[in-house]
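Structure first, commentary second.
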Amino acid sequence: MSGLDEILKTSMNATNVTLSGALTPEQAHNFVDVIKQNNGFLQKIHTEKMGRLTKELDAWDVAKGILVRVPSGDKPSESQRAALNKVGAKLDAKSVQLFARILQDALEDNKSNPKFESETFESFAKAFGNDLALLGFIGESDTYDGSFKTLHKGWVAVAKDSSETTKLTYASNEKVKDRLSALVASLHPDILSQAVILISPADAQEYNKELAALNSPTHLIQGGADKILGVPLEVTPLMPKGEYLATPLKNLVLGTVLDIRRNRWYDAEERALKYVFDLYVDYEIVIKKWVSYMKQA
(Lines give C-alpha, C1' and ligand atoms only; values in the text may rest on other atoms or scores of the structure.)
Protein backbone atom coordinates (compact mmCIF):
# COMPACT_ATOMS: atom_id res chain seq x y z
CA MET A 1 0.00 0.00 0.00
CA SER A 2 1.40 3.39 -0.98
CA GLY A 3 2.10 6.23 1.43
CA LEU A 4 -0.89 8.19 0.20
CA ASP A 5 -3.20 5.24 0.66
CA GLU A 6 -2.07 5.14 4.27
CA ILE A 7 -2.89 8.81 4.83
CA LEU A 8 -6.63 8.40 4.31
CA LYS A 9 -8.34 5.08 4.96
CA THR A 10 -11.93 6.18 5.57
CA SER A 11 -14.56 5.40 2.93
CA MET A 12 -15.28 8.00 0.27
CA ASN A 13 -18.80 9.24 0.98
CA ALA A 14 -20.54 12.39 2.15
CA THR A 15 -21.41 11.05 5.61
CA ASN A 16 -17.96 9.79 6.56
CA VAL A 17 -15.49 12.29 5.19
CA THR A 18 -14.29 14.49 8.06
CA LEU A 19 -10.63 13.92 8.79
CA SER A 20 -8.62 16.60 10.57
CA GLY A 21 -5.44 17.01 12.56
CA ALA A 22 -1.76 16.24 12.22
CA LEU A 23 -0.41 13.35 10.17
CA THR A 24 1.36 10.66 12.13
CA PRO A 25 5.18 10.69 11.78
CA GLU A 26 5.01 7.79 9.31
CA GLN A 27 2.29 9.46 7.27
CA ALA A 28 4.21 12.76 7.22
CA HIS A 29 7.38 11.03 6.00
CA ASN A 30 5.37 9.28 3.30
CA PHE A 31 3.64 12.47 2.22
CA VAL A 32 6.94 14.35 1.81
CA ASP A 33 8.41 11.38 -0.08
CA VAL A 34 5.48 11.31 -2.50
CA ILE A 35 5.71 15.07 -3.11
CA LYS A 36 9.39 14.61 -3.97
CA GLN A 37 8.84 11.51 -6.10
CA ASN A 38 6.24 13.31 -8.20
CA ASN A 39 8.61 16.12 -9.25
CA GLY A 40 11.69 15.42 -11.36
CA PHE A 41 13.68 18.39 -10.09
CA LEU A 42 12.95 17.83 -6.39
CA GLN A 43 14.31 14.29 -6.79
CA LYS A 44 17.72 15.72 -7.72
CA ILE A 45 18.21 18.17 -4.85
CA HIS A 46 18.42 17.61 -1.09
CA THR A 47 15.16 17.47 0.83
CA GLU A 48 15.65 18.00 4.55
CA LYS A 49 12.91 16.64 6.82
CA MET A 50 12.64 18.86 9.89
CA GLY A 51 11.27 18.13 13.34
CA ARG A 52 10.97 21.85 14.17
CA LEU A 53 10.52 25.14 12.30
CA THR A 54 14.25 25.94 12.41
CA LYS A 55 17.22 23.72 11.75
CA GLU A 56 20.96 24.19 11.28
CA LEU A 57 22.36 22.60 8.14
CA ASP A 58 25.88 21.31 8.72
CA ALA A 59 28.39 20.67 5.96
CA TRP A 60 31.16 18.80 7.75
CA ASP A 61 31.16 16.17 5.02
CA VAL A 62 32.37 18.73 2.46
CA ALA A 63 34.55 21.00 4.60
CA LYS A 64 38.26 20.94 3.76
CA GLY A 65 41.41 21.93 5.61
CA ILE A 66 39.84 21.75 9.09
CA LEU A 67 42.28 19.27 10.71
CA VAL A 68 44.57 20.68 13.41
CA ARG A 69 46.97 19.30 16.03
CA VAL A 70 46.34 20.38 19.63
CA PRO A 71 48.51 18.82 22.38
CA SER A 72 46.70 17.11 25.23
CA GLY A 73 45.80 19.62 27.93
CA ASP A 74 45.97 22.64 25.58
CA LYS A 75 43.14 24.60 23.98
CA PRO A 76 42.97 25.39 20.27
CA SER A 77 44.39 28.77 19.27
CA GLU A 78 42.15 31.42 17.72
CA SER A 79 43.47 30.59 14.24
CA GLN A 80 42.75 26.89 14.85
CA ARG A 81 39.27 27.71 16.09
CA ALA A 82 38.66 29.68 12.90
CA ALA A 83 39.47 26.56 10.89
CA LEU A 84 36.94 24.63 12.96
CA ASN A 85 34.05 27.06 12.45
CA LYS A 86 30.93 25.19 11.45
CA VAL A 87 30.08 25.41 7.75
CA GLY A 88 26.43 25.50 6.78
CA ALA A 89 23.17 27.42 6.77
CA LYS A 90 19.93 27.69 8.73
CA LEU A 91 16.43 26.72 7.67
CA ASP A 92 13.54 28.84 8.97
CA ALA A 93 10.32 27.27 7.73
CA LYS A 94 7.08 29.14 7.04
CA SER A 95 3.69 27.74 6.10
CA VAL A 96 2.15 27.13 2.70
CA GLN A 97 -1.24 25.57 2.07
CA LEU A 98 -2.74 23.44 -0.65
CA PHE A 99 -6.50 23.80 -1.13
CA ALA A 100 -8.19 21.22 -3.33
CA ARG A 101 -11.62 19.73 -3.93
CA ILE A 102 -13.36 16.85 -5.69
CA LEU A 103 -16.84 17.59 -7.04
CA GLN A 104 -19.77 15.30 -6.19
CA ASP A 105 -20.15 14.32 -9.86
CA ALA A 106 -16.59 13.01 -9.86
CA LEU A 107 -17.23 11.09 -6.65
CA GLU A 108 -20.30 9.43 -8.11
CA ASP A 109 -18.57 8.64 -11.42
CA ASN A 110 -15.78 6.87 -9.53
CA LYS A 111 -17.79 4.90 -6.97
CA SER A 112 -16.57 1.65 -8.49
CA ASN A 113 -12.92 2.74 -8.72
CA PRO A 114 -11.15 1.54 -5.54
CA LYS A 115 -8.03 3.52 -6.48
CA PHE A 116 -9.81 6.83 -7.02
CA GLU A 117 -8.77 8.46 -3.77
CA SER A 118 -5.13 7.37 -3.97
CA GLU A 119 -4.99 8.50 -7.61
CA THR A 120 -6.50 11.84 -6.62
CA PHE A 121 -3.97 12.29 -3.85
CA GLU A 122 -1.17 11.48 -6.29
CA SER A 123 -2.39 14.38 -8.42
CA PHE A 124 -2.57 16.66 -5.36
CA ALA A 125 0.97 15.69 -4.37
CA LYS A 126 2.19 16.33 -7.90
CA ALA A 127 0.63 19.80 -7.90
CA PHE A 128 2.15 20.49 -4.48
CA GLY A 129 5.59 19.37 -5.65
CA ASN A 130 5.41 21.35 -8.89
CA ASP A 131 4.57 24.55 -7.01
CA LEU A 132 7.28 23.98 -4.40
CA ALA A 133 9.87 23.49 -7.17
CA LEU A 134 8.64 26.58 -9.04
CA LEU A 135 8.76 28.68 -5.87
CA GLY A 136 12.40 27.66 -5.45
CA PHE A 137 13.23 29.49 -8.67
CA ILE A 138 10.90 32.49 -8.75
CA GLY A 139 10.26 33.09 -5.02
CA GLU A 140 11.46 36.60 -4.12
CA SER A 141 10.66 36.99 -0.41
CA ASP A 142 8.75 35.48 2.51
CA THR A 143 6.76 38.64 3.23
CA TYR A 144 3.57 37.24 1.65
CA ASP A 145 1.44 40.01 0.17
CA GLY A 146 -0.98 37.66 -1.56
CA SER A 147 1.26 36.86 -4.54
CA PHE A 148 2.88 33.49 -5.16
CA LYS A 149 6.39 35.01 -5.42
CA THR A 150 6.24 36.37 -1.88
CA LEU A 151 5.45 33.04 -0.18
CA HIS A 152 9.15 32.23 0.18
CA LYS A 153 12.59 33.32 -0.97
CA GLY A 154 13.75 30.63 -3.38
CA TRP A 155 17.24 29.42 -4.26
CA VAL A 156 17.81 31.99 -7.00
CA ALA A 157 16.86 34.85 -4.67
CA VAL A 158 19.07 33.41 -1.90
CA ALA A 159 21.99 33.31 -4.35
CA LYS A 160 21.33 36.88 -5.51
CA ASP A 161 21.20 38.22 -1.95
CA SER A 162 24.19 36.38 -0.48
CA SER A 163 27.52 38.17 -0.19
CA GLU A 164 29.31 34.82 -0.48
CA THR A 165 28.09 33.79 -3.93
CA THR A 166 29.94 34.72 -7.12
CA LYS A 167 27.88 37.08 -9.26
CA LEU A 168 28.53 37.81 -12.92
CA THR A 169 26.85 39.85 -15.64
CA TYR A 170 26.93 39.73 -19.44
CA ALA A 171 26.20 42.14 -22.27
CA SER A 172 22.96 41.71 -24.22
CA ASN A 173 24.86 40.83 -27.41
CA GLU A 174 27.14 38.26 -25.75
CA LYS A 175 26.72 34.72 -27.04
CA VAL A 176 25.35 32.06 -24.71
CA LYS A 177 28.47 29.91 -25.12
CA ASP A 178 30.60 32.81 -23.92
CA ARG A 179 28.28 33.43 -20.96
CA LEU A 180 28.48 29.78 -19.95
CA SER A 181 32.25 29.67 -20.39
CA ALA A 182 32.64 32.64 -18.04
CA LEU A 183 30.31 30.97 -15.55
CA VAL A 184 32.39 27.78 -15.53
CA ALA A 185 35.60 29.80 -15.09
CA SER A 186 34.11 31.42 -11.98
CA LEU A 187 33.29 28.14 -10.21
CA HIS A 188 35.04 27.22 -6.99
CA PRO A 189 37.70 24.58 -7.84
CA ASP A 190 36.38 22.24 -5.14
CA ILE A 191 33.14 21.63 -7.03
CA LEU A 192 34.11 21.51 -10.72
CA SER A 193 33.45 17.77 -10.83
CA GLN A 194 30.06 18.11 -9.09
CA ALA A 195 28.56 21.33 -10.42
CA VAL A 196 25.82 21.72 -13.00
CA ILE A 197 24.52 24.84 -14.71
CA LEU A 198 20.81 25.48 -14.34
CA ILE A 199 19.62 26.91 -17.65
CA SER A 200 16.27 27.56 -19.34
CA PRO A 201 15.24 25.53 -22.43
CA ALA A 202 15.33 28.71 -24.56
CA ASP A 203 18.94 29.44 -23.59
CA ALA A 204 19.91 25.78 -24.10
CA GLN A 205 18.42 25.90 -27.61
CA GLU A 206 20.33 29.09 -28.40
CA TYR A 207 23.54 27.43 -27.21
CA ASN A 208 22.94 24.52 -29.60
CA LYS A 209 22.24 26.94 -32.46
CA GLU A 210 25.54 28.66 -31.81
CA LEU A 211 27.39 25.34 -31.90
CA ALA A 212 25.55 24.33 -35.07
CA ALA A 213 26.84 27.50 -36.72
CA LEU A 214 30.36 26.24 -36.02
CA ASN A 215 29.95 23.39 -38.54
CA SER A 216 28.30 21.09 -36.00
CA PRO A 217 24.85 20.50 -37.54
CA THR A 218 24.10 17.66 -35.12
CA HIS A 219 23.45 20.22 -32.39
CA LEU A 220 20.86 21.96 -34.56
CA ILE A 221 19.09 18.70 -35.43
CA GLN A 222 19.26 16.92 -32.09
CA GLY A 223 20.01 19.68 -29.57
CA GLY A 224 22.71 17.35 -28.32
CA ALA A 225 25.00 19.79 -26.49
CA ASP A 226 24.45 19.10 -22.80
CA LYS A 227 27.78 20.32 -21.38
CA ILE A 228 30.10 23.32 -21.44
CA LEU A 229 33.79 22.73 -20.68
CA GLY A 230 32.82 19.45 -19.03
CA VAL A 231 30.16 20.94 -16.74
CA PRO A 232 26.68 19.46 -17.38
CA LEU A 233 23.74 21.68 -18.31
CA GLU A 234 20.65 21.05 -16.16
CA VAL A 235 17.91 22.27 -18.49
CA THR A 236 14.74 23.21 -16.65
CA PRO A 237 11.77 25.40 -17.60
CA LEU A 238 11.79 26.63 -13.99
CA MET A 239 14.95 28.68 -14.57
CA PRO A 240 14.18 32.21 -15.84
CA LYS A 241 15.42 32.88 -19.38
CA GLY A 242 18.66 34.84 -19.43
CA GLU A 243 19.67 33.81 -15.90
CA TYR A 244 22.09 31.04 -14.96
CA LEU A 245 22.91 29.32 -11.68
CA ALA A 246 25.89 26.99 -11.30
CA THR A 247 26.33 24.75 -8.23
CA PRO A 248 26.08 21.08 -7.20
CA LEU A 249 22.38 20.15 -7.14
CA LYS A 250 22.69 18.70 -3.62
CA ASN A 251 23.78 22.16 -2.46
CA LEU A 252 20.17 23.26 -2.96
CA VAL A 253 17.95 22.34 -0.01
CA LEU A 254 14.19 22.22 0.41
CA GLY A 255 13.33 21.96 4.11
CA THR A 256 9.97 20.40 5.03
CA VAL A 257 8.64 20.22 8.59
CA LEU A 258 7.08 16.88 9.45
CA ASP A 259 4.31 18.47 11.50
CA ILE A 260 1.89 18.39 8.55
CA ARG A 261 -1.75 19.33 9.13
CA ARG A 262 -4.63 18.19 6.96
CA ASN A 263 -8.37 18.70 6.87
CA ARG A 264 -11.00 16.95 4.79
CA TRP A 265 -14.73 17.72 4.82
CA TYR A 266 -17.81 17.68 2.61
CA ASP A 267 -19.24 21.05 1.58
CA ALA A 268 -22.96 20.52 1.03
CA GLU A 269 -23.51 23.89 -0.68
CA GLU A 270 -20.77 23.33 -3.25
CA ARG A 271 -21.40 19.58 -3.33
CA ALA A 272 -17.70 18.89 -3.16
CA LEU A 273 -15.23 16.99 -1.02
CA LYS A 274 -12.60 19.49 0.12
CA TYR A 275 -9.03 19.14 1.31
CA VAL A 276 -6.52 21.46 2.94
CA PHE A 277 -2.90 20.52 3.61
CA ASP A 278 -0.77 22.83 5.73
CA LEU A 279 3.00 22.35 5.30
CA TYR A 280 5.95 24.39 6.60
CA VAL A 281 8.87 24.73 4.17
CA ASP A 282 12.01 26.74 3.53
CA TYR A 283 14.65 27.04 0.81
CA GLU A 284 18.39 27.29 1.42
CA ILE A 285 21.82 26.91 -0.14
CA VAL A 286 24.16 25.03 2.20
CA ILE A 287 27.50 26.40 0.98
CA LYS A 288 26.97 29.71 -0.75
CA LYS A 289 30.57 30.16 -1.96
CA TRP A 290 29.89 27.13 -4.17
CA VAL A 291 27.34 29.11 -6.22
CA SER A 292 27.89 31.26 -9.31
CA TYR A 293 24.95 33.32 -10.55
CA MET A 294 24.78 35.25 -13.83
CA LYS A 295 22.31 37.68 -15.39
CA GLN A 296 22.30 40.39 -18.03
CA ALA A 297 23.99 43.63 -17.01
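The values are calculated or read from the model by the stated rules, or taken from the named source; none is laboratory data. Worth saying up front: this structure is predicted, and the values here are computed from it rather than measured. Ideal geometry is used to build each Cβ from the backbone, glycine not excepted, and the neighbour counts take in all protein chains shown. In case anyone asks, the SASA skips ligands and DNA or RNA and just uses the protein heavy atoms, side chains included. Shrake-Rupley method; radii C 1.70, N 1.55, O 1.52, S 1.80 Å.
Across segment 115-125, not a single residue is classified as aromatic (Phe, Trp, Tyr) and modelled with pLDDT of 90 or more. The residue that is nearest to Lys250 (Cα to Cα), counting only those in segment 186-202 that are in a helix (DSSP H, G or I) and in contact with a strand residue (DSSP E or B) (Cβ under 9 Å, 6 or more places away or on another chain), is Ile191. Of the residues making up segment 224-239, those that are part of a loop (DSSP other than H, G, I, E, B), modelled with pLDDT of 95 or more and open to solvent by 30 Å² or more (accessible area, probe 1.4 Å) number 2. When the residues of segment 60-70 are narrowed to those that are farther than 21 Å from Trp155 by Cβ and either open to solvent by 80 Å² or more (accessible area, probe 1.4 Å) or charged (D, E, K, R) (or both), which ends up modelled with the lowest pLDDT? Here the residue is Trp60. Condition check for Ala212 on (1) in contact (Cβ under 8 Å) with a residue 12 or more places away in the chain; (2) at negative phi; (3) over 18 Å from the mean Cα position of the chain (by Cα): one failure, at (1).
Scan segment 119-140 for residues that are open to solvent by less than 20 Å² (accessible area, probe 1.4 Å) and over 14 Å from the mean Cα position of the chain (by Cα) and the total you get is 3.
Is segment 207-214 home to any residue that is open to solvent by 50 Å² or more (accessible area, probe 1.4 Å) and either modelled with pLDDT of 95 or more or among the polar types (S, T, N, Q) (or both)? For segment 207-214, residues open to solvent by 50 Å² or more (accessible area, probe 1.4 Å) and either modelled with pLDDT of 95 or more or among the polar types (S, T, N, Q) (or both): absent. Checked against (1) surrounded by 20 or more Cβ atoms within 10 Å (Cβ to Cβ); (2) outside any strand (DSSP E or B); (3) not β-branched (Val, Ile, Thr), Asp259 meets all criteria but (1).
One residue stands out among those in segment 276-297 that are over 30 Å from Ser172 (Cβ atoms) and buried (at least 20 other Cβ atoms within 10 Å of the Cβ): the one that is farthest from the chain's Cα centre (by Cα), which is Phe277. Restricting the first member to segment 230-255 and to residues that are over 23 Å from Lys36 (Cβ atoms), and the second to residues that are open to solvent by less than 20 Å² (accessible area, probe 1.4 Å) and of a type in the set (Asp, Glu), the beta-carbon pairs closer than 8 Å and six or more apart or on different chains are Lys241/Asp203; Gly242/Asp203; Tyr244/Asp203. Out of all the residues in segment 158-171, is one or more surrounded by fewer than 15 Cβ atoms within 10 Å (Cβ to Cβ), modelled with pLDDT of 95 or more and either in a helix (DSSP H, G or I) or of a type in the set (Phe, Trp, Tyr) (or both)? The answer is yes; a qualifying residue exists.
Residues that are open to solvent by 90 Å² or more (accessible area, probe 1.4 Å) and not in a strand (DSSP E or B) were ranked within segment 80-107; the one that is modelled with the highest pLDDT is Asp105.
Within segment 110-149, restricting attention to residues that are of a type in the set (D, E, K, R) and not in a helix (DSSP H, G or I), which residue is farthest from Val96 (Cα to Cα)? It comes out as Lys111.
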